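Have a look at the structure below, then the notes.
Coordinate-derived values only; no laboratory data. Predicted, not measured: the structure shown is a model, and the values here were computed from it. Neighbour counts run over all protein chains shown; Cβ positions are idealised from the backbone, glycine included.
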Amino acid sequence: MTKPRSTVTCTLALPGDYRPEDILKFHRRDREAVAEQVTDSSLRKGLLWHGAPACLVVEFTGPSALGSLILASDPGPDAEAALRKMLTRMLGLDQSVARFEETYRGHPVLGSLIAARPGLRVPVAASPFEALVWAIIGQQISVHAAISIRRRLILATGLQGPEQLYCHPDADRLAACTEDTLRAAGLTATKAASVRAVSIAAAEGRLPLEAWTTHFDAEAIGSALLAVRGIGPWTLNYLLLRGYGWLDGSLHGDVAVRRSLQRLLGEATPIDATRTATWLAQFSPWRALVGAHLWAADG
């Protein structure tokens, strides 16, 4: 018997310089497309909505983005407002990009990055928890390896939405996983322990990741996460960027950021994290957005 489905929709206006290709590229990382399917103008993503599997569809049509949430369960109260809030964050529509570009368009070094990609925004994960798990997985390994582990972790939990796309597990699901299950997905012992620790803390309400999307507090988030073994400044700043769209985290520990900065400055020898941090500091409160431009310039 086919399960009854419900759909929630909303439309968001896009700025004239909006770059949907950046959002689509972010979700196109896994070529096996078990959790996300991307076309030239749309995204379909499996996710959990109030704990139930669902499918998010985002269609870019010129000046607008049409968001649809397909569920086999009750969407809950104020679903349209919640969907709009999530999509606004995911699409970077609340990021102060215009002000950043107005401030630094004429900068002798940074100006060239802005000119190459005007309107660049940072794609944000569907939930801070998903961003945090990705950040832990991606510690000190290649993006390709991280994608493979993420895929195996998603498949291990086996959550499929109404469109047959697998959903990234939430804190409750991962808290219930054994360390052996996490290790079998490819996580090291240290990373498996970190994922379990943050999952249990989030599931028990001691790590209110979702609540911070409404009452954002970078200092409180940092204090809570840096107390978890295996989570350092890079993981924290990546979460703040990819989970909340916070543009002032310093990505000086990122190898690709340092490599791109070396090329930008025309230097023959690698630039270390300390010097990168000093260079990024001049662009506060947009250090992470500068880091995103350096990522884009790196490849």
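Brief remarks on what is shown
- Measuring nothing but alpha carbons in region 52-99 and taking Rh as the Kirkwood radius, the Rg to Rh ratio lands at 1.03.
- The C-alpha atoms of the chain define a longest principal axis, and helix 128-137 lies at about 70 degrees to it.
- Using the Cβ of residue 107 as centre and a radius below 15 Å, the other residues enclosed give a net charge of +2, where K and R count +1 and D and E count -1.
- With the convex hull drawn around the C-alpha atoms of region 152-299, the volume per residue stands at 146 Å³.
- Rounded to the nearest 20 debye, the dipole magnitude of region 161-232 is 320 debye, with +1 charges on Lys and Arg beta carbons, -1 on Asp and Glu beta carbons, and the Cα centre as origin.
- Ranked for footprinting exposure by Cβ neighbours inside 10 Å, fewest first, 104, 238 give 104, 238.
- Of the residues 167, 10, the one with the fewest other Cβ atoms within 10 Å heads the list, and the complete ranking is 10, 167.
- Residues 216, 100, sorted so that the one with the fewest Cβ neighbours within 10 Å comes first: 216, 100
- Helix 233-244 and the longest principal axis of the C-alpha atoms of the chain enclose an angle of approximately 60°.
- Only Cα sites of the chain enter the Debye sum here, all with the same form factor; the resulting log10 I(q)/I(0) across q = 0.08, 0.10, 0.13, 0.14 1/Å is -0.34, -0.55, -0.94, -1.10, listed in q order.
- Evaluated with a Cβ-only charge set (Lys, Arg +1; Asp, Glu -1), the chain carries a dipole of roughly 560 debye about its Cα centre, given to the nearest 20.
- For region 6-95: Kirkwood Rh in Å [reciprocal of mean 1/r, alpha carbons]: 13.5 Å
- Over region 27-149: Kirkwood hydrodynamic radius from C-alpha pairwise inverse distances, Å: 16.7 Å
- Phi to ³J(HN,Hα) by Karplus 6.51 cos²θ - 1.76 cosθ + 1.60 over region 12-20, Hz, x for Gly, Pro: 10, 6, 10, x, x, 9, 5, 10, x
- All aspartates and glutamates inside 13 Å of residue 85 as judged from Cα atoms, apart from same-chain residues fewer than 8 positions distant: 94, 210
- The long axis of helix 255-265 is offset from the longest Cα principal axis of the chain by roughly 30 degrees.
- For region 71-89 versus region 285-299, the gap between their alpha-carbon centres in whole angstrom: 30 Å
- The separation of region 95-150 from region 1-59, counted between C-alpha centres, amounts to 19 Å.
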